[in-house]
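Q: I have a structure I would like to understand better, so I am pasting it below and will then ask my questions one at a time.
The values are calculated or read from the model by the stated rules, or taken from the named source; none is laboratory data. Quick caveat, the model's predicted, so the values are computed rather than measured. Here the Cβ positions follow ideal geometry from the backbone for every residue, glycine too, while neighbour counts run over all protein chains shown.
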Amino acid sequence: MLLLGCSGDDAPPPPSVTPPAAGWESVSEMLGARCASLDCHGQPGRPLRLYHRAGLRLADDDVPGGGATTAAEHAANLRATAGLEPEVLARVVREGGLAPERLTLVRKAIGREGHKGGAPLAAGGPGDACLRSWLAAATDEAACALAAAVERP
């Protein structure tokens, strides 16, 4: 008899698949500020669904703009990010962040691959540095903070 198990949405990604959790909150804030608007990755039906204080909220009683992004929202963002291309992500992380362009997330974010929302991160800019540093397990917190400071209309 063969038994298969599935992890629920609340299960953390396997440690071998993702970079260290250290620094993730800064990366999550940056991605949320840049990509989690309600008309983009802040929609429930998206493969890369991101939660952020100014966009989609995880708890039913949280509203956009109402308080900080929660730890549960950051954890959900990590699961969503790690789940896009887990094998490729694992290789990039294992290799110390080398050639992160193997990841669709990086290519779309910097405009090297078509993306409906354009290129939310300038290649070589603070957001790109934030994402790449996280993949190398040495998150550049200053770059993340700078990239997360997005003016909202």
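Q: Mind counting the residues in the stretch 101-148 that are in contact with an Asp or Glu (Cβ under 7 Å, 6 or more places away or on another chain), surrounded by fewer than 17 Cβ atoms within 10 Å (Cβ to Cβ) and part of a helix (DSSP H, G or I)?
A: Here the count works out to 2.
Q: Now a separate question. Among the residues of the stretch 29-73, how many are of a type in the set (Asp, Glu) and under 14 Å from the mean Cα position of the chain (by Cα)?
A: Residues that pass the stated criteria total 2.
Q: Would you call THR104 closer than 13 Å to TRP24 by Cα, under 14 Å from the mean Cα position of the chain (by Cα) and hydroxyl-bearing (Ser, Thr, Tyr)?
A: no
Q: Separate question: Just checking, how many residues over the stretch 55-80 are farther than 18 Å from ASP140 by Cα and outside any loop (DSSP other than H, G, I, E, B)? Steps first, please.
A: So in the stretch 55-80, the residues farther than 18 Å from ASP140 by Cα come out as 55-73, 75-77, 79-80.
Next cut, outside any loop (DSSP other than H, G, I, E, B) only: 71-73, 75-77, 79-80.
Within the stretch 55-80, residues that are farther than 18 Å from ASP140 by Cα and outside any loop (DSSP other than H, G, I, E, B) number 8.
Q: Could I ask something else about it? Here is a check on your reading of the model: is GLU87 out of contact with any helix residue (DSSP H, G or I) (no Cβ under 8 Å at 6 or more places or on another chain), not in a loop (DSSP other than H, G, I, E, B) and not aliphatic (A, V, I, L, M)?
A: Working: out of contact with any helix residue (DSSP H, G or I) (no Cβ under 8 Å at 6 or more places or on another chain): yes; not in a loop (DSSP other than H, G, I, E, B): yes; not aliphatic (A, V, I, L, M): yes.
Considered against the rule, which asks whether it is out of contact with any helix residue (DSSP H, G or I) (no Cβ under 8 Å at 6 or more places or on another chain), not in a loop (DSSP other than H, G, I, E, B) and not aliphatic (A, V, I, L, M), GLU87 comes out as yes.
Q: Which is among the charged types (D, E, K, R), surrounded by 13 or more Cβ atoms within 10 Å (Cβ to Cβ), out of contact with any Ser or Thr (no Cβ under 6 Å at 6 or more places or on another chain) and modelled with pLDDT under 90, of ARG46, ARG34, ARG57?
A: ARG46 is the lone residue from the list that is among the charged types (D, E, K, R), surrounded by 13 or more Cβ atoms within 10 Å (Cβ to Cβ), out of contact with any Ser or Thr (no Cβ under 6 Å at 6 or more places or on another chain) and modelled with pLDDT under 90.
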